[in-house]
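Right, one structure below, let's go through it.
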Amino acid sequence: MKRPFGPRGPKGDSRQVLLSNSTGVSGGIPRENVVTIPLPHPIFYESIARLHLVPEIGKIRLQKLTPERVQSLLNTKLEQGLSPRMVRHIRTTLITALQQQVDRGNLPRNVASLADPPRLPENGNPVL
């Protein structure tokens with residue numbers, strides 16, 4: 001019998017991810033800091049947000065996030081030994097999340113798209 005979903009969750013599943021751990025005036029989470037990531041493998045992208053984005057930029061209000069801060073995050077992840085491909089996944093996840101806020105009118109522009117992605121090796125093989 002085929003299972004209706006695999007280890008990554010149901011197909012077409014989406015997750016709500018908190019991109020900022022700031023709290024609003026009422027002590028709740030501001031709606032503009034919660035985004036839904038409707039990607040093919042939401043658990044992978046949720047783990048990127050939880051392990052890489054929230055610890056690094058979680059205390060920064062999304063309106064105060066700058067392209068320089070995003071570039072600094074990407075450079076730090078490379079220096080910590082993450083592969084260029086993984087750092088590109090982190091950037092793509094952040095771009096997707098911030099674009100949702102731009103589309104909702106909560107942000108004027110997507111600062112993550114202004115950060116330079118790391119270069120991949122010419123032959124496409126990961127750097128060892």
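What follows is calculated from the coordinates using simple rules that are stated; it is not laboratory data. In this text, all values refer to a predicted model and were calculated from it rather than measured experimentally. Note that we place each Cβ from the backbone using ideal geometry, even for glycine, and neighbour counts take in every protein chain shown.
Key figures for this structure:
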| read-out | value |
| --- | --- |
| Selection count where residues are of a type outside the set (G, A, S) and either over 26 Å from N106 (Cα atoms) or under 10 Å from the mean Cα position of the chain (by Cα) (or both), scope region 58-86 | 10 |
| Test result for K64, among the basic types (K, R) and loosely packed, with under 14 Cβ neighbours inside 10 Å | yes |
| Pair list, Cβ under 8 Å, 6 or more apart: region 81-93 residue in a helix (DSSP H, G or I), other residue among the small types (G, A, S) | R91/A112; R91/A115; T93/A49 |
